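The values are calculated or read from the model by the stated rules, or taken from the named source; none is laboratory data. Predicted, not measured: the structure shown is a model, and the values here were computed from it. Every residue, glycine as well, gets a Cβ built from its backbone with ideal geometry; the counts of neighbours run over all protein chains shown. Heads up: the accessible areas ignore ligands, DNA and RNA and are worked out on the full protein's heavy atoms, side chains in. Shrake-Rupley method; radii C 1.70, N 1.55, O 1.52, S 1.80 Å.
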Amino acid sequence: MVIPTNTRVETLATSGIHQIPKEYIRTQDELTTITNIFDEEKKELGPQVPTIDLNNINSNDPKTRKKCCNELVKAATEWGVMHIVNHGIPSDLINRVKDAGERFFDQPVEEKEKYSNDIASGKIQGYGSKLANNACGQLEWEDYFFHLVFPEEKRDLAVWPSTPSDYIPATAEYARQLRALTTKILSVLSLGLGLEEGRLENEVGGLEELILQFKINYYPKCPQPELALGVEAHTDVSALTFILHNMVPGLQLLYDGKWVTAKCVPDSIIMHIGDTLEILSNGKYKSILHRGLVNKEKVRISWAVFCEPPKEKIILKPLPETVSEENPPLFPPRTFHQHMEHKLFKKKDDSVDPK
């Protein structure tokens, strides 16, 4: 089957096909590692993604607060990914965000196409499907909706869905609250490097320049999930990434050379350390390789917010305090845009060459 370039994965998934087009079939190396995600999620043995309780992140008791902060720093150092609970964002707001996203994707494809993006012309915000930009020309079993959510003055509400009516107010409020949580997380991670609390936030652009990009990932049921990936193995280029999901498993992390499936933890937000913080910390904080599996039984949806520094204004390189004779710089100086270009055109090399 030849796929038109504008075919949505949802259209393929609901067309009644029993075999997926060859463009979606992964490489032989990948196929040997793809397993049933529901079986994987039930496994209790082996390493598990840590869960960090942020309830005491603002405690008035120094010892209690320090214990909470140490656990977060430990997870960022050893894993680079964690479930965070008691994060302070109300569950009713999170439910509104998820409900609005689900209702948008419940609409017919023709309705969603009114918001379609056009990567070729530089219009990256809107409704889309992954284009083949990797070395093998493969496609991912995913449609998505993508737009900037913060700072508010940089938003373009014209590309946000008007249906459902709660999409804009719920998503905007979630972005505001998540931005405040980002400041708290960055302050803890700054202290974990022996820096002043506000240092990392300043290094990634501060309140005015740090950008929050919002992406709803929609993974339709797949007739041959053992052959496809919802999203291929990658590390995030962001400083931090925050993810909600609809409690359908799919996220896997490459930990100690093996794929570990993230459990579905109620009322949690999954938080990733991205490449930006890995670079600034000279490798202390880990940007972990991860991917998304699909299944034939349930649609999976995730809501990701990527906290990104400005593309050109900041040179990303290990902070001087993280560098010594024993710990030489692991990453060469690059702007955020240069780092993204480096990753795009060197797909097989997710690590940055040492200086």
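Might you let me know whether region 3-10 holds any residue that is outside any loop (DSSP other than H, G, I, E, B), among the hydroxyl-bearing types (Ser, Thr, Tyr) and within 30 Å of ASP118 (Cβ to Cβ)? No, there is no match, as no residue in region 3-10 is outside any loop (DSSP other than H, G, I, E, B), among the hydroxyl-bearing types (Ser, Thr, Tyr) and within 30 Å of ASP118 (Cβ to Cβ). Scanning region 296-323 for residues that are over 16 Å from the mean Cα position of the chain (by Cα) and crowded, with 22+ Cβ neighbours inside 10 Å gives LEU316, PRO318.
When you check GLU44 against the structure, is it open to solvent by 70 Å² or more (accessible area, probe 1.4 Å), acidic (Asp, Glu) and out of contact with any Lys or Arg (no Cβ under 9 Å at 6 or more places or on another chain), yes or no? I'd like the intermediate steps shown before the answer.
Numbers: open to solvent by 70 Å² or more (accessible area, probe 1.4 Å): yes; acidic (Asp, Glu): yes; out of contact with any Lys or Arg (no Cβ under 9 Å at 6 or more places or on another chain): yes.
Considered against the rule, which asks whether it is open to solvent by 70 Å² or more (accessible area, probe 1.4 Å), acidic (Asp, Glu) and out of contact with any Lys or Arg (no Cβ under 9 Å at 6 or more places or on another chain), GLU44 comes out as yes.
Here GLY16 clears all of (1) on the phi < 0 side of the Ramachandran plot; (2) out of contact with any helix residue (DSSP H, G or I) (no Cβ under 9 Å at 6 or more places or on another chain) except the condition numbered (1). Check GLU102, GLU152, GLU142 and return the single one that is acidic (Asp, Glu), loosely packed, with under 15 Cβ neighbours inside 10 Å and modelled with pLDDT of 90 or more. Going through GLU102, GLU152, GLU142 in turn, the sole match is GLU152.
If you go through region 274-328 and keep only what is touching a Phe, Trp or Tyr at 6+ places or on another chain (Cβ under 8 Å) and among the β-branched types (Val, Ile, Thr), you end up with THR276, ILE279, ILE288, VAL294, VAL299, ILE301, VAL305, ILE314. Across region 65-88, the qualifying residues are those that are under 18 Å from GLY194 (Cβ atoms) and β-branched (Val, Ile, Thr), and the one among them that is least open to solvent (accessible area, probe 1.4 Å) is VAL73. For region 256-269, a tally of residues being under 27 Å from GLU341 (Cα atoms) and touching a strand residue (DSSP E or B) at 6+ places or on another chain (Cβ under 9 Å) returns 1.
No other residue among ILE25, ILE20, ILE94 is closer than 20 Å to MET247 by Cβ, in contact (Cβ under 8 Å) with a residue 12 or more places away in the chain and open to solvent by less than 70 Å² (accessible area, probe 1.4 Å) apart from ILE94.
How many residues are touching a strand residue (DSSP E or B) at 6+ places or on another chain (Cβ under 8 Å) and not in a helix (DSSP H, G or I) if we restrict to region 36-46? Going through region 36-46 one residue at a time, the tally reaches 2. On inspection, SER190 passes the criterion of being crowded, with 18+ Cβ neighbours inside 10 Å, without any contact (Cβ under 8 Å) to a residue 60 or more places away in the chain and small (Gly, Ala, Ser). For beta carbons closer than 6 Å, sequence separation of 6+ or different chains, a first residue in region 33-50 that is more than 14 Å from ARG291 (Cα to Cα) and aromatic (Phe, Trp, Tyr) and a second that is in a loop (DSSP other than H, G, I, E, B) and open to solvent by 60 Å² or more (accessible area, probe 1.4 Å), there are no qualifying pairs. Answer yes or no: is there a residue in region 172-184 that is closer than 25 Å to THR11 by Cβ and charged (D, E, K, R). For region 172-184, residues closer than 25 Å to THR11 by Cβ and charged (D, E, K, R): absent.
Quick check on ARG334: is it at pLDDT 95 or above, over 17 Å from HIS234 (Cβ atoms), open to solvent by less than 50 Å² (accessible area, probe 1.4 Å) and basic (Lys, Arg)? Spelling it out, ARG334 is indeed at pLDDT 95 or above, over 17 Å from HIS234 (Cβ atoms), open to solvent by less than 50 Å² (accessible area, probe 1.4 Å) and basic (Lys, Arg).
Among the residues of region 276-295, just one is open to solvent by 10 Å² or more (accessible area, probe 1.4 Å), under 18 Å from the mean Cα position of the chain (by Cα) and among the polar types (S, T, N, Q), namely SER287.
With the requirement that a residue be open to solvent by less than 60 Å² (accessible area, probe 1.4 Å) and not small (Gly, Ala, Ser), what does region 172-187 give you? Of everything in region 172-187, those that are open to solvent by less than 60 Å² (accessible area, probe 1.4 Å) and not small (Gly, Ala, Ser) turn out to be GLU173, TYR174, GLN177, LEU178, ARG179, LEU181, THR182, THR183, ILE185, LEU186. Among the residues of region 155-171, what is the count of those that are in contact with a helix residue (DSSP H, G or I) (Cβ under 9 Å, 6 or more places away or on another chain), open to solvent by 10 Å² or more (accessible area, probe 1.4 Å) and hydrophobic (A, V, I, L, M, F, W, C)? Adding up the residues that qualify gives 3.
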